[in-house]
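Report on the following structure.
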Amino acid sequence: MTSSSRDAPVGIFDSGLGGLSVLRAVRAQLPAERVIYVADSRHAPYGERDDDFIADRTLAIGEWLVSQGAKALVVACNTATAQSIALVRERLAIPLVGVEPGVKPAALGSKSRVAGVLATQSTLRSARFQALLERHAAGCRMLCQPGLGLVQAIERGDVGSPELLALLRGYLQPMLDAGADTLVLGCTHYPFLDAAIRSIVGDRMTLIDTGVAVARQLQRVLDDHGVRADATADRATPDAVRLCSTGDGAQLRALAAALLQLDAPAEQVRIPSRRTADIDADAA
């Protein structure tokens with residue numbers, strides 16, 4: 001293991017801003033690591049995109065992060081993990097960590113044996129998610145609800161408007177009526193709706209967020225490959241976290257400041273790919 005490999009950054013990517021919830025967990029678990037965070041906001045949300053588009057963008061951004069020197073990649077997007085991580089893992093030379101809905105802890109923890117899953121359409125229809133249900137949800141009824149409109153609301157900074165609460169109530173009340181006592185937050189955006197969800201469900205549901213588990217898995221992967229940063233390194237520097245967006249970056253910077261107390265610029269980057277070539281050409 002060389003000092004240069006230990007000092008290389010970890011890449012974290014999401015279709016938009018939801019992966020900031022994973023970045024928050026990674027910074028708490030691994031404070032010595034440098035991080036490059038990419039929000040593909042120009043092409044968000046992924047949840048209503050076709051599988052080929054999701055795979056195309058995931059691979060392009062993974063390759064871009066490798067070109068920036070990333071030593072590992074966290075795919076901090078349930079949709080991209082579900083649809084693309086097997087393909088991307090084959091194509092990239094660095095280790096990958098994905099995220100997936102917390103079906104197993106929900107099934108183990110539910111006393112009523114009824115749990116809700118709030119996720120994107122793409123995640124819920126994926127073979128990876130269906131395999132999760134078959135592997136871990138035996139004996140527990142899983143109520144799967146697409147969170148249409150939620151990612152868009154969070155991307156524009158809405159985490160508590162009357163309109164958002166009405167939308168959430170429509171998704172959550174049927175789960176409560178069915179006796180669900182656990183809710184899986186199956187999209188990395190959704191932890192930012194914690195307060196809004198609590199205002200509806202109170203203490204009747206336990207919320208399952210897998211960000212901490214992802215950060216722990218990243219630590220194991222870095223250790224296994226001998227590239228974890230020196231724990232004594234000083235990362236209280238302005239360049240410890242590099243924020244990048246394929247959009248204008250304003251909302252990324254604002255949300256990072258509000259939710260992570262992270263005062264860092266957000267640079268706009270171009271990451272072309274096969275499915276976005278026409279769009280990228282028009283923007284050039």
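The values are calculated or read from the model by the stated rules, or taken from the named source; none is laboratory data. None of the values given here were measured: they were computed from a predicted structure. Ideal geometry is used to build each Cβ from the backbone, glycine not excepted, and the neighbour counts take in all protein chains shown.
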The residue from G202, G139 that alone is on the phi > 0 side of the Ramachandran plot and touching a Lys or Arg at 6+ places or on another chain (Cβ under 7 Å) is G139
Sole miss for V75 among (1) within 22 Å of L17 (Cβ to Cβ); (2) outside the structural domain of A55 (by TED's automatic domain parsing) is condition (2)
The residue that is nearest to A8 (Cα to Cα), considering only those in the stretch 76-93 that are surrounded by fewer than 19 Cβ atoms within 10 Å (Cβ to Cβ) and out of contact with any Gly (no Cβ under 8 Å at 6 or more places or on another chain), is A93
For the structure I just gave you, tell me whether A178 is free of Cβ contacts under 8 Å to residues at least 60 places away in the same chain and not hydroxyl-bearing (S, T, Y). no
Of the candidates A180, A131, the one satisfying the condition of being within 18 Å of A106 (Cβ to Cβ) and in contact with a Gly (Cβ under 7 Å, 6 or more places away or on another chain) is A180
The residue that is farthest from A257 (Cα to Cα), considering only those in the stretch 133-184 that are assigned to a helix (DSSP H, G or I), charged (D, E, K, R) and out of contact with any helix residue (DSSP H, G or I) (no Cβ under 9 Å at 6 or more places or on another chain), is E134
Given the conditions (1) over 19 Å from the mean Cα position of the chain (by Cα); (2) under 20 Å from L17 (Cα atoms); (3) not in a loop (DSSP other than H, G, I, E, B), every one holds for L118 apart from (1)
Expected single match for at pLDDT 95 or above, of a type outside the set (A, V, I, L, M) and under 17 Å from G19 (Cα atoms) among C144, C140, C244 is C244
Residue hits (the stretch 20-53; in contact with a strand residue (DSSP E or B) (Cβ under 7 Å, 6 or more places away or on another chain), outside any helix (DSSP H, G or I) and of a type in the set (A, V, I, L, M, F, W, C)) are V35, I36, V38, A39
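Rundown of residues vs (1) assigned by TED's automatic domain parsing to the domain that holds V74; (2) among the β-branched types (V, I, T); (3) exposed (fewer than 14 other Cβ atoms within 10 Å of the Cβ); (4) over 22 Å from A28 (Cα atoms), yes/no style:
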residue: A153; (1), (2), (3), (4): no, no, no, yes
residue: R169; (1), (2), (3), (4): no, no, no, yes
residue: A180; (1), (2), (3), (4): no, no, no, yes
residue: A195; (1), (2), (3), (4): no, no, yes, no
residue: R198; (1), (2), (3), (4): no, no, yes, yes
residue: Q219; (1), (2), (3), (4): yes, no, no, no
Among V22, V38, the single one that is within 18 Å of the chain's Cα centre (by Cα) and farther than 14 Å from T246 by Cβ is V22
